[in-house]
Amino acid sequence: MTLRPARRSHAPNAAPSPTEIHQQGPGPAVVAAQAAAAVAVLLLLLVIVRLPWAGDLGMHAATVQRLRHDLVEPGNPLVDADTPSPYYSPWMLVLGCVARVSRLSVFVVLRLGALAGLGLLVSGVWRYVRTLDGHRAAPALALLSLLFLWGTALFNWSGFYGLNSLALTVSYPSVFALGLAFHLWAWLGRAVRRDAGWGTWLGLGALWAVILLCHQFSGVVASLGAAATLLAARPGRGTWLRLGGGAAVGLGVLLLWPYYDFFALSGAGDGLEAVHRPLYADLLGRYWLVLLGVVALGVRWRRDRWDPLVLFFGLGVVVVAAGGLSGHYSWGRALPAALIPAQLAAALEAVAAGRRAVRAGWACALGAALAVGAWTQAGTVGYVVPRGDLPEAVAEKYRQPWAGYHWITPWVKYGDVVMARAGRPARQIPAYGAYTVAPGYPDFFLPDEGRREEAVRRYFAEGASGRERGEILRAYGVRWVVAGEWAGARGGGLREVARGPGGQVLYAVVG
């Protein structure tokens, strides 16, 4: 059974109106789409219970740790320094307050944040899609397309919302910000159509600023989507005036945010570009299923030159292409601004195409693409089902999450400084309240970041003397060292205290 559009037409094969659909009840295809979307959401809810560790989870846990101890001057989240940080966003402030008042574990608070973020994302997709098409199946198909319509090369990154990536980043501020972005677009579209008053527009401006503060890259995507919505609506002079008032409120919020200088982020430098260069690798392998949506966008463009999804896609492509050509690889974080409209267009064409045969063709093509995408990301099931219980073909797709450093917490207390190598140790240890000598992530606001990184390299260098190592430990107030089996630990003023996974050893500084 093919999915049918919700709008009235006088053609012989016209779909029923929304009222008629309501009277008839949902058909089997609608129920199937909604059930599949519900299963995907249920899987993500079960993932939240486990909260698999990968990527930037340690940074966000460390941020909540600092805020639960000091809401006013939390300092740097990773190292013992009094510097601002862009991770102190409105959403992290809320979670820090929850942690402070409830005294719940930071990881429990992050799970609560993940539930809120996922709820915002799912409800935001539903609201926004309803502004584009009233068919019962449209929101469910849209959600499935956003999760599965990617490529066959698995790709995980904050702000990218494929099922596997979302499972690992669902507790991040990027998910919360993207959920707010969908609500922003839905609210903005209704405000333009209904000629909303000043209060609505001022609220939209404040919401736009909150999104930018919570996750700057998702804020760029939100801004491009908002621009497309406005261009498609072609509002009158009065609306533009109220829009200006809302933009002024948003800029005021950005200027007044006390935890970091939002506008200083524009000078982040070359380090940010190097981190984001991989975003431009293997584009075809990661996104080739989205080509179905590009075709759908072409169909929509033929029907309406001012289609909001077409405009949204065009703006996203321009920004991403400009970043690749100019070497500003961080602009690749705007890729969702090209992916979202294409994925939504592919879903909506299955219910919006005029003739029954065309709708059937789109439904079959979309179903096949979603099946390929779902199989590519089938390893996500491993985050809720023991690997030994998975079919062999699925188990091969599963990627083991990181092991944490909870094993050091009986000895390492909040605020202690730990000497740890770059990479996972430096990224994870601050999640438990300790500091590291050098930050595990690039930190634009930390003036001595390079000196700290050099100190860590010198400390673990094979030819370093005991005296040099001791001077480094004293300079940064180090009380603990985390390393593997390491010759430098012998005779270096260290005492072995505990052993953890992967051959890691915790040493106390005794000299």
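The values are calculated or read from the model by the stated rules, or taken from the named source; none is laboratory data. The structure presented is a predicted model; accordingly, all values stated were derived computationally and were not measured. Don't worry about glycine lacking a Cβ; one is built from the backbone with ideal geometry, like all the others, and counts go over all protein chains shown. Heads up: the accessible areas ignore ligands, DNA and RNA and are worked out on the full protein's heavy atoms, side chains in. Shrake-Rupley method; radii C 1.70, N 1.55, O 1.52, S 1.80 Å.
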Exception for residue 30 within (1) under 30 Å from residue 356 (Cα atoms); (2) modelled with pLDDT under 95; (3) open to solvent by 50 Å² or more (accessible area, probe 1.4 Å) falls at (3)
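To keep it simple, each residue is scored yes or no on (1) over 21 Å from the mean Cα position of the chain (by Cα); (2) on the phi < 0 side of the Ramachandran plot; (3) surrounded by fewer than 21 Cβ atoms within 10 Å (Cβ to Cβ).
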position: 202; (1), (2), (3): yes, yes, yes
position: 206; (1), (2), (3): no, yes, yes
position: 213; (1), (2), (3): no, yes, no
position: 218; (1), (2), (3): no, yes, no
position: 229; (1), (2), (3): yes, yes, no
position: 235; (1), (2), (3): yes, yes, yes
position: 248; (1), (2), (3): yes, yes, yes
position: 251; (1), (2), (3): yes, yes, yes
position: 256; (1), (2), (3): yes, yes, yes
Among residues of the range 181-239 being part of a helix (DSSP H, G or I) and charged (D, E, K, R), the residue modelled with the lowest pLDDT is 237
Which numbered condition in (1) assigned to a helix (DSSP H, G or I); (2) more than 30 Å from residue 350 (Cα to Cα); (3) in contact with a helix residue (DSSP H, G or I) (Cβ under 7 Å, 6 or more places away or on another chain) is the only one that residue 74 fails? (1)
Evaluate the range 129-139: report whether one residue or more is among the β-branched types (Val, Ile, Thr), in a helix (DSSP H, G or I) and either modelled with pLDDT under 95 or over 30 Å from residue 49 (Cβ atoms) (or both). yes
Residue ID - nearest to residue 159 (Cα to Cα), chosen from residues in the range 280-334 that are basic (Lys, Arg) and within 19 Å of the chain's Cα centre (by Cα): 333
Single residue of 457, 467 found to be under 23 Å from residue 275 (Cα atoms), open to solvent by 40 Å² or more (accessible area, probe 1.4 Å) and part of a helix (DSSP H, G or I): 457
Give the residues of the range 292-343 that are farther than 17 Å from residue 227 by Cα and aliphatic (A, V, I, L, M), sorted by residue number. 292, 294, 295, 296, 297, 299, 321, 322, 325
Taking the range 322-362 and the residues there that are at pLDDT below 90, part of a helix (DSSP H, G or I) and basic (Lys, Arg), the one that is surrounded by the fewest Cβ atoms within 10 Å (Cβ to Cβ) would be 356
Candidate set: the range 108-121, residues that are under 16 Å from residue 186 (Cα atoms) and touching a helix residue (DSSP H, G or I) at 6+ places or on another chain (Cβ under 6 Å); chosen: the one surrounded by the fewest Cβ atoms within 10 Å (Cβ to Cβ): 120
Exactly one of (1) open to solvent by 40 Å² or more (accessible area, probe 1.4 Å); (2) part of a helix (DSSP H, G or I); (3) in contact with a helix residue (DSSP H, G or I) (Cβ under 7 Å, 6 or more places away or on another chain) is unmet by residue 431. Its number? (1)
